[in-house]
Amino acid sequence: MAKERREIEINSRADTLPLMGPDVRPWPVTPPPSPEECMKVYEKRKAGEFGKFLEDNLRLDYVFEKPEALQGLRVLCNGIWHISRMFATSLLAEQGAEAIHIEPPTGDPLRQLTPFGREEYMLKDNVTGEPCGLDFLHEFRNAYSITLNLETPEGREIYKKLAMLVDVIIESWPPGYMDSLGIGYRQLSKLNPKLVYCWVGERGQWGPMKDEVSKFGQWMLDPFSACANSWVHNTGFPPDQCPRGGKGGDPMRSGAWLPSYVCGEQAAASILAALYWRDFNGGGEGQFIEVTAAESLMDILDFDITWYGFNASIKARTGAWDPNLNQYEWNPCKDGYMMIGGQTDRLWYRIGMCIERDLPLFGRLIHEDPLLKEMAARNALQALIKTYTVTTKWLRDINRIEAEQKLMEYEIAAGPVLYIDEVAEFPHFKYRPWVNTKETQFYGTVMYSESCGAFQHRTPARVKDLGRPLGYDNGEVYKKYLGYGPMKLRELKAKGVI
Amino acid sequence: MCDIIWCKKDLGDGKVCDTVNYLDPYCFWNWEGKVACAHCGTVYYIHMIQGHMYAGPDEKPGEKPDIYPLYADQPNNGYFNYLPGIEGRTRPYTCLPRHIYLGKADMVKFSIRGRPVRGWRPQPPSAGIAGSQGFFWDIEKLSPEVWEEYQERIRKGEVKDW
Amino acid sequence: MDWEKEIQKLKVCDFEELPGPKSKEELEEMKMPFEDYCKRVFDPGNEFVKPEALKGIRWMSTTMYIFTPHSVANLAELGAECIKIEMPRMGDPMRHTSPFNEAYLYPLHDTRPMTGTGLGFTNANVNEYFITLDYHVPEAKPIFYNLVKMSDGLTECYRHGTFDRWKQGYRHVMEINPRFIYVWGGGFGYGPKIFGGSYDILGQAHAGLASITGCHEDMGGHATKATNWVIDWYSGTQITVAILAALYWRGKTGLGTMIEFSQVQAATRMMGYAAPLYGRFGIVRQRWGNWDTQLCVHGIIMTGKVDFPDAQNPQDRFESRYVMVSAFQDADFQELCNVIKKPDLYSRYKTHKERVGAPAQIEIYKAIEDWAADKTRSEVVRILREAGILAAPVMNDREVYECEHYRLRGTVRWNDDPLFGDILIHSGYSTGLMSKTPRRHRWQWRPVGADNVKIYHELLGYPMSKIQELYDKNII
Ligand SMILES: [Zn+2]
């Protein structure tokens, strides 16, 4: 809550920027629920003792009092552009691995990305004053930043030495590029047979549709992956619900770099499995791993390609409705969109009872319809149209929060479509919290999405710091790993090696 | 009236249309134009804002509709209905995975490359104690007619690798 | 100072000075083209001759739907022995979902000859053994404990506190087996909404992901659901990451742990700059359709003509008209403007900062679509690629199936399923190629209780008569 009244004048967007920020308007705006209030929730289901056990053992407040699962493992992340490599590295670094990002001396171009080119949304570090884009900052977790020019022979020699000292390399240069420089898996594995080496990219480092670089040197980035595996084709509203041509009725990419995140997490999973095999299951040696966003996302396309093999069905987009379940969708309401789910008879009639209380017509048109009485039959297209039209007739008069409260009374899985400001203030989310703030070393207080592995009894994942000025750790890393002192580094810098 | 149009048009001879036209939320949430009743064809002008009927429905005799509902039915007439995609009554729902729509289990005996797949029912009982099953589909014994058909397909060269 | 020499001196290991290849084969391997090398080390199709990363790990899956099952399927693909426990006769509710109610495989269980398992169940429980157990009855308790003693961990998805109430939660199993890794996966976890149910779609909505996917409402668009239960799957894999980290730590310390994982949180995690932008500047990230908020040109455009106007399948006939175009760097953008005969666009938006602004993007994409208005998808892709610009068609399921790339890499392939026959698979192998311990796909799923004898008799040693008795009593 604002403690004092402020005189402000807003004439442009620029005038609004100083009105936010952690110093002016601390998060959360209203305090989260108290543990006592939560205890009452647990008690209601006679789970007080269990709830207390969870709170005592899993709370985020205790993560820094516990050991780290991957302590002692070293990870090199080498590449530019792809956020997948950064997410894979983050997942390992959040679990305690020592992570080093290698960037060319010019820096990862991701550092320069900012929405609509607005530099005022970038954060300047307190060492060099260089602005850094927020995607890069947010995904650069618990890691060191060093620079190294792999296009110089000295740079490659240094890289080889580093490769001998680490457990994992995550790499995302174009197909075969590292190999052509003599520093790919083929060569490094001879120097360090225990090395787990993982390449990540969009479609592959080999094969007829491998990742491409344009004639002018531009890389292929997300969402090329999602276009190549039918995800985009299958996502979005059909043109009879919204018109085609940019008006909502086209196949749709994800607003997030979703394929990259899927790729990054599968890379982390494969790397950890390889490490487990190497260290605890008799393997003793490292291996070569390749994870692509196109394929790792294809892995989780439900049954889609399998369905084609079954009876030549080609999945289509069905908007915010799911063609396999009823109810299972979101529809517009008074102040946004409301998601409702429940397909079994028990849940279906409970949803209906909830709506019917305000809208008796729902009972007349939906519950009484003999064609909607059987669970599988309710998934028919016409059943979805009918059910959701009448459901929305109810929703248009109420807000998301009202709808949620009403449906919760009937123990229905329901939730509003929230925007990020609402996510940050949703009581449950800020209680844990999932969107959190951190006083970072270089960029002031930063709001970020908390590590999903943080709620663990013995070795929770954790976020220690976000972002790093380019090459900030050259001194420490090169001394610690290779023994290079400041004079040596000066010379390497002068020669354009670091 | 709102996001359904329950058409009560007098059709003469004491008959009333009595058809519910479902104006699906994503198409009609903010929409202005003329929509036709799927049963009697009466054209209604509507102007919907945020799901509410800001204006209409007003009958527009003699005018052409801009759009049809996706689905309509008659709750007072045994739930007689018009499925999506009936020309001149409902508009097509363009999310079909094939040119045909079954809406019920497709009895499939062969995959698209012509090899047997257990996509049909009923299957003969095959479990041992407590529902246990081995790791071998003995198709020759359990479904000899499908096995025969498979041999025939092989002979005809209809079984492919892809 | 001669720096080359200095560096040579400092080298702890010079590759050239290392002993050379030890065999002709090794020499060949070092010399062969990179693509051949990749094909050789990954060797798709021959996964079964290689070891399994997680051999010897046994995992219990008391899960339903997609999210928590997927956390276990990942382990099963990596070689762990996984046991899926379902309710007798019924099975996982996900078995009863099928797209458009059309695609089922049989049998589900001999007692229900007319019921199959829907394709909704696909990929979430591969390679696992399927047993049944009704936890509600007291006789089930010792059986459950025996399984815990024999296993390394468990993933469950029941309403929080349910297993604890049934005395089979973490607090109980850690007493029986201190090495046990216990995973609870759900929507929310401890806190005020602890008992809130969750689905994939709830995660997409609640976590903010839907608010940034789809066309902006000013353009007539709505918050758009990602196809598939993508947040279920994606969150499941993050559980796998957490499990593997916990296994690694257990390898050193011998101690198990409890992981509480929320899929709603996982959906927020992928929203990139949304949280830091809001936190610092109060700006709420919005939808931006098929374009990119940070790169231009980098988006999906619609062409005027389809590639397959005469195809029978409507997805081919009406939808084969979208192209991903990327030309955000200056030279690429300049060439793109030349190709679409709008060189003035380049002169007005010479820098990336200028062309990534919202009004510029609206103008630029319109110009590209105007140019593509009389062309088919494949024409647009061909013209752009010939000009050296990155472009690719938006592919559908058929095209993915027919794509040579995935066939060669083994990531789409047919499997001769032991019980269900010829099944096309696009999972498992596609999650990532591993040269020494590749994932593998054995079977898609098994009928309800198919491995009751295998697990209860062959693993736990119960006499056959006892198994029959438990079955007759509907306990298994
Ligand atoms: Zn009428």
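The values are calculated or read from the model by the stated rules, or taken from the named source; none is laboratory data. Just so you know, these numbers come straight off a predicted model, no measurement behind them. Please note: Cβ atoms are built from the backbone with ideal geometry, for glycine as well, and neighbour counts cover all protein chains shown. Heads up: the accessible areas ignore ligands, DNA and RNA and are worked out on the full protein's heavy atoms, side chains in. Shrake-Rupley method; radii C 1.70, N 1.55, O 1.52, S 1.80 Å.
Table for the structure above
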| read-out | value |
| --- | --- |
| Equivalent ellipsoid, segment A:187-340 (semi-axes from 5 times Cα gyration tensor eigenvalues, Å) | 37, 19, 15 |
| Size descriptor, Kirkwood hydrodynamic radius, that averages inverse alpha-carbon separations across segment C:88-129, Å | 10.6 |
| More than 20 Å apart - percent of Cα-Cα pairs taken over segment A:328-417 | 25 |
| Acute angle (nearest 10 degrees) that the helix A:83-94 long axis makes with the longest principal axis of chain A, alpha-carbon atoms | 90 |
| Above-threshold pairs, the threshold being 21 Å between Cα atoms, out of A:Lys373/B:Lys109; A:Lys430/C:Lys167; A:Lys194/A:Lys464; A:Lys52/C:Lys167 | A:Lys373/B:Lys109; A:Lys430/C:Lys167; A:Lys194/A:Lys464 |
| C versus A: buried accessible surface, summed, Å² (probe 1.4 Å, to nearest 100) | 19100 |
| Rough spin-label spacing in nm, given labels placed 7 Å along Cα→Cβ, for C:Asp370 and A:Leu181 | 4.3 |
| Phi-based couplings in Hz for segment C:332-337 (Karplus 6.51, -1.76, 1.60; Gly and Pro marked x) | 5, 5, 4, 5, 4, 4 |
| Segment B:108-156 - Rg (one decimal) and Dmax (whole number), Cα, Å | 12.1, 41 |
| Sorted peptide list for A:218-228, C:52-62, criterion being average Cβ within 10 angstrom, highest first | A:218-228, C:52-62 |
| Only Lys, Arg (+1) and Asp, Glu (-1) charged, at Cβ; segment A:457-498 dipole about Cα centre in debye | 80 |
| For segment A:146-216: span of alpha carbons on each principal axis (Å, largest first) | 33, 25, 20 |
| Interatomic Cα distance distribution for segment C:298-402, bins of 5 angstrom, percent | 2, 13, 23, 24, 16, 10, 7, 4, 1, 0 |
| Rg/Rg_ref, segment B:4-82, where Rg_ref = 2.2 N^0.38 Å and atoms are Cα | 1.05 |
| Cα-Cα pairs of segment A:11-50 separated by more than 12 Å (percent) | 69 |
| C-alpha long axis of helix C:140-150 to longest principal axis of chain C, angle in ° | 60 |
| On Cα atoms only, tilt of A:153-165 relative to the major axis of chain A in degrees | 70 |
| Partner lysines for C:Lys24 [C-alpha distance under 18 Å; skip if fewer than 8 residues away on the same chain] | A:Lys190 |
| Rg/Rh ratio calculated on Cα atoms of chain A (Kirkwood radius) | 1.00 |
| Equivalent-ellipsoid semi-axes of segment A:278-383, from the Cα gyration tensor, Å, largest first | 42, 18, 15 |
| Those aspartates and glutamates that a straight Cα-Cα span of less than 19 Å connects to A:Lys493, excepting residues fewer than 8 apart in one chain | A:Glu103, A:Asp108, A:Glu130, A:Glu151, A:Glu154, A:Glu157, A:Asp473, A:Glu476, C:Asp2, C:Glu4, C:Glu6 |
| Drop in accessible area of at least 50 Å² in the complex versus isolated chain, residues of segment B:45-94, 1.4 Å probe | B:His52, B:Tyr71, B:Tyr79, B:Tyr93, B:Thr94 |
| Sum of side-chain charges, A:Ala461 neighbourhood, beta-carbon under 13 Å (Lys, Arg +1; Asp, Glu -1) | +1 |
| Only Lys, Arg (+1) and Asp, Glu (-1) charged, at Cβ; segment B:108-156 dipole about Cα centre in debye | 260 |
| Rg(Cα)/(2.2 N^0.38 Å) for chain C, N = residue count | 1.19 |
| Dipole of chain C, positive end: most advanced residue of C:Thr257, C:Gln334, C:Tyr65 [Cβ charges, Cα centre] | C:Thr257 |
| Pairs of lysines in segment C:330-387 (C-alpha under 17 Å apart; 8 or more residues apart or interchain) | 7 |
| Exceeding the 26 Å Cα-Cα cut-off - candidates A:Lys247/C:Lys225; A:Lys247/B:Lys9; C:Lys84/C:Lys225; C:Lys22/C:Lys436; C:Lys141/C:Lys454 | A:Lys247/B:Lys9; C:Lys84/C:Lys225 |
| Proportion of all alpha-carbon pairs of the protein assembly as shown beyond 58 Å (%) | 11 |
| Farthest positive-ward along chain B dipole, Cα basis, beta-carbon charges - from B:Val159, B:Val20, B:Pro122 | B:Val159 |
| Within segment A:440-461: backbone nitrogen closer than 20 Å to the A:Thr16 label point (7 Å, Cα to C-beta) | A:447 |
| Test item: Cα-centred dipole of chain A, Lys/Arg +1 and Asp/Glu -1 on Cβ, debye | 420 |
| Heavy atoms of B:Val159: accessible area, 1.4 Å probe, square angstrom to 10 | 40 |
| Segment C:298-402, accessible area per residue, ligands and nucleic acids excluded (1.4 Å, Å²) | 39 |
| Positive-end residue of B:Ile112, B:Gln133, B:Ser143, charge dipole of segment B:108-156 with Cβ unit charges | B:Ile112 |
| Inter-site label distance for A:Thr152 and C:Met150 at 7 Å from Cα along Cβ, in nm | 6.2 |
